[in-house]
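Structure, as structure tokens:
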Amino acid sequence: MIPLPTSIKSKKVSDNNTIFEIESLYPGYGITLGNAIRRVLLSSLNGAAVTEVKIKNAPHEFATLPGVKEDILHILMNIKQLRFKLFTDDPQIATLKIKGEKEALGSDFECPADLKLANPGLHIATITDKNTELEIEIKIEKGVGYVFEDKEIKREVGVVGLDAIFTPIKKVNYVVENMRVGNRTDFDKISLEIETDGTITPEEAFAESLDILLAQFGFMAEQMGGIKAEAVKEEEVIEPKKKAVKKTTKKKEK
């Protein structure tokens, strides 16, 4: 099969949403490649997420705070939606401290230099009493995919562990259509839509997914190269023995 000059075009829908058109693929390769890229995008990209939360005067996730409209469980669900970009492999701590009748937003968290919040307008809680203070401390870590809270970790009283959604991808969808290449009309075109959470661009996510696939195929190709080399060595050893047997048999017949 002769490789075709595949082309990739992009159409930006918004800052975090882009549609990529991959053209001139052999029949059947649209689904094969589209499914592989989609699975890698959803499962294998690095991201950052909140893994632990500590709220002052809240001993557990089922508690309530006087002067705060939402219960602790509701606040934790809001915190899980915070999306961070982490510039180091070490866990980072962000803190929120506010007082008075106001809405607590993601932007109220004080972040260290190695941490950047992608959705500062996210609602966290509503304080309904002017004398109420809300203090929250969150731990952000790097990871891949979706990770359940580790129940075996012993945490201090008041610290709540969270299931972490590390993937920076919010949505991936692809459609395969026929297109004309020369005189044939059965070649494939993939329309791949990628929406991210703002911590990475769709272009970066697409490129990273291709790098992951290439690395996997490259590793397998390298392993197969070793297997082929061993097979050739075995053939070189076996073949001379076969020839020697044939010559001996001819001498006996004479």
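Numbers at a glance
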item: G158 vs. criteria in contact (Cβ under 8 Å) with a residue 60 or more places away in the chain, in contact with a Ser or Thr (Cβ under 8 Å, 6 or more places away or on another chain), of a type in the set (G, A, S) and more than 20 Å from S44 (Cα to Cα); result: no
item: Number of positions in the range 174-199 that are surrounded by 13 or more Cβ atoms within 10 Å (Cβ to Cβ) and among the charged types (D, E, K, R); result: 5
item: Residue in the range 154-169 that is farther than 30 Å from P59 by Cα and at pLDDT 95 or above present; result: yes
item: Residue match in the range 81-97 (condition: buried (at least 17 other Cβ atoms within 10 Å of the Cβ), among the hydrophobic types (A, V, I, L, M, F, W, C), touching a Ser or Thr at 6+ places or on another chain (Cβ under 9 Å) and assigned by TED's automatic domain parsing to the domain that holds E149); result: yes
item: Criterion (over 26 Å from T199 (Cβ atoms), modelled with pLDDT under 95, crowded, with 16+ Cβ neighbours inside 10 Å and of a type outside the set (G, A, S)) met by exactly one of E101, E23; result: E23
item: Residue in the range 33-42 that is surrounded by fewer than 16 Cβ atoms within 10 Å (Cβ to Cβ) and over 22 Å from the mean Cα position of the chain (by Cα) present; result: no
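Here's the yes/no breakdown for (1) in the same structural domain as E133 (by TED's automatic domain parsing); (2) free of Cβ contacts under 8 Å to residues at least 60 places away in the same chain; (3) farther than 19 Å from R184 by Cα:
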{"site": "N16", "(1), (2), (3)": "no, no, yes"}
{"site": "G34", "(1), (2), (3)": "no, no, yes"}
{"site": "R39", "(1), (2), (3)": "no, yes, yes"}
{"site": "V50", "(1), (2), (3)": "yes, no, yes"}
{"site": "V53", "(1), (2), (3)": "yes, no, yes"}
{"site": "E61", "(1), (2), (3)": "yes, no, yes"}
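The values are calculated or read from the model by the stated rules, or taken from the named source; none is laboratory data. Small disclaimer: the values here were computed from a predicted structure and weren't measured. Please note: Cβ atoms are built from the backbone with ideal geometry, for glycine as well, and neighbour counts cover all protein chains shown.
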